[in-house]
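Below: one structure, written as structure tokens.
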């Protein structure tokens, strides 16, 4: 810690100056400096909608069991920004960015919201999340991890279920944060390898919860799904791509294999288009949904195989020293 600075015009504004010790260390410094019951953690490149903080805070006011609430995150790339605020939503200019826009729509609509309804939400996004400060302090704050947001959420589940305390971890679907996504394949690789390593670290640290009835939905459903599908699923997926390619090259029986591949693509396409129809209204231009629909069609053929490869790469290099890495960001007005 180098020092604390208080604004002369806004006495409630405190700036913490400290040496770079990583994201978790910086968040813990802010947590210790905070003086109010709720704390909000955001990424440095995130832009919040004007009412986003209020909408997250309202979740705690409505239900005193809420200990953590995550907002909805969408790509900032392609949006028009003035004076630090999004004045018009837009789709990313590159195909890499557009498929991520579709991915974000799908993940927050069907994934996180669905797990919340079953009391099994395992991650409050580090890009935009709010917590009860006392519960966060009791849990020990953020841990040094590549997936510090998921590790903290799992630790909250672990601790509160052990203590048999009533609580909720939720997603506020109307609290919106915009964040920059990587638009180059190199940046995407850096981000996704880090994310998958962070997932592996978090699941390993809390592996004692798996298939234990005392941990309810988290232990009996959410964690087994994340171990088998989220963590190890890419290995099975990449193996399937390899087997299909081998059959096509060697002239083997390909009818059944192609049928399974088509069904998998159709399943993913249905989820993506459903999310786009439901949440795509945030984009005002009539061309934007069409561009995202095109990305939905290409995602199963181009993006998912690449993503599976990068996630397998993360698993194969787990023994190496963990590095945060960097992703190029654009300067905003």
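For segment 151-160, the condition of being closer than 25 Å to residue 50 by Cβ, modelled with pLDDT of 90 or more, surrounded by 19 or more Cβ atoms within 10 Å (Cβ to Cβ) and in contact with a strand residue (DSSP E or B) (Cβ under 8 Å, 6 or more places away or on another chain) holds for none of the residues. Residues in segment 29-38 that are in contact (Cβ under 8 Å) with a residue 24 or more places away in the chain and either in a loop (DSSP other than H, G, I, E, B) or surrounded by 20 or more Cβ atoms within 10 Å (Cβ to Cβ) (or both): 34, 36, 37. All of (1) in contact with a helix residue (DSSP H, G or I) (Cβ under 7 Å, 6 or more places away or on another chain); (2) in contact (Cβ under 8 Å) with a residue 60 or more places away in the chain hold for residue 14 with one exception: (2).
Looking at 90, 111, can you tell me which residue is touching a residue at least 40 places away in the same chain (Cβ under 8 Å) and either surrounded by fewer than 20 Cβ atoms within 10 Å (Cβ to Cβ) or part of a loop (DSSP other than H, G, I, E, B) (or both)? Step through it out loud before you land on a result.
Numbers: 111 fails: touching a residue at least 40 places away in the same chain (Cβ under 8 Å).
Of the residues listed, the single one that is touching a residue at least 40 places away in the same chain (Cβ under 8 Å) and either surrounded by fewer than 20 Cβ atoms within 10 Å (Cβ to Cβ) or part of a loop (DSSP other than H, G, I, E, B) (or both) is 90.
Does residue 72 count as crowded, with 20+ Cβ neighbours inside 10 Å, assigned to a loop (DSSP other than H, G, I, E, B) and modelled with pLDDT under 95? It is false that residue 72 is crowded, with 20+ Cβ neighbours inside 10 Å, assigned to a loop (DSSP other than H, G, I, E, B) and modelled with pLDDT under 95. With respect to being over 20 Å from the mean Cα position of the chain (by Cα), assigned to a strand (DSSP E or B) and free of Cβ contacts under 8 Å to residues at least 12 places away in the same chain, residue 81 falls outside the description. Filtering 282, 225 for residues that are modelled with pLDDT of 85 or more, on the phi < 0 side of the Ramachandran plot, out of contact with any helix residue (DSSP H, G or I) (no Cβ under 7 Å at 6 or more places or on another chain) and surrounded by 11 or more Cβ atoms within 10 Å (Cβ to Cβ) leaves a single hit, 225.
For segment 139-189, taking the residues that are touching a helix residue (DSSP H, G or I) at 6+ places or on another chain (Cβ under 8 Å), in a loop (DSSP other than H, G, I, E, B) and without any contact (Cβ under 8 Å) to a residue 60 or more places away in the chain, the one that is nearest to residue 108 (Cα to Cα) is identified as 147.
Residues of segment 127-138 include at least one that is part of a helix (DSSP H, G or I), touching a strand residue (DSSP E or B) at 6+ places or on another chain (Cβ under 9 Å), in contact (Cβ under 8 Å) with a residue 60 or more places away in the chain and buried (at least 20 other Cβ atoms within 10 Å of the Cβ). Taken over segment 208-221, the residue count meeting the criterion of being closer than 30 Å to residue 53 by Cβ and either touching a helix residue (DSSP H, G or I) at 6+ places or on another chain (Cβ under 6 Å) or assigned to a strand (DSSP E or B) (or both) is 1. Restricting to segment 194-207, what's the tally of residues that are in a helix (DSSP H, G or I), over 14 Å from the mean Cα position of the chain (by Cα) and touching a residue at least 24 places away in the same chain (Cβ under 8 Å)? Residues flagged as in a helix (DSSP H, G or I), over 14 Å from the mean Cα position of the chain (by Cα) and touching a residue at least 24 places away in the same chain (Cβ under 8 Å) within segment 194-207 amount to 4.
Out of 25, 45, one residue alone is part of a loop (DSSP other than H, G, I, E, B), in contact (Cβ under 8 Å) with a residue 12 or more places away in the chain and under 22 Å from the mean Cα position of the chain (by Cα). It is 45.
Table: residues versus (1) within 30 Å of residue 166 (Cβ to Cβ); (2) modelled with pLDDT under 95.
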position: 14; (1), (2): no, yes
position: 37; (1), (2): yes, no
position: 56; (1), (2): yes, no
position: 80; (1), (2): no, yes
position: 88; (1), (2): no, yes
position: 102; (1), (2): no, yes
position: 110; (1), (2): yes, yes
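The values are calculated or read from the model by the stated rules, or taken from the named source; none is laboratory data. For clarity, every value in this text was computed on a predicted model and none was experimentally measured. Counting neighbours? That spans all protein chains shown, and the Cβs are built from the backbone with ideal geometry, glycine included.
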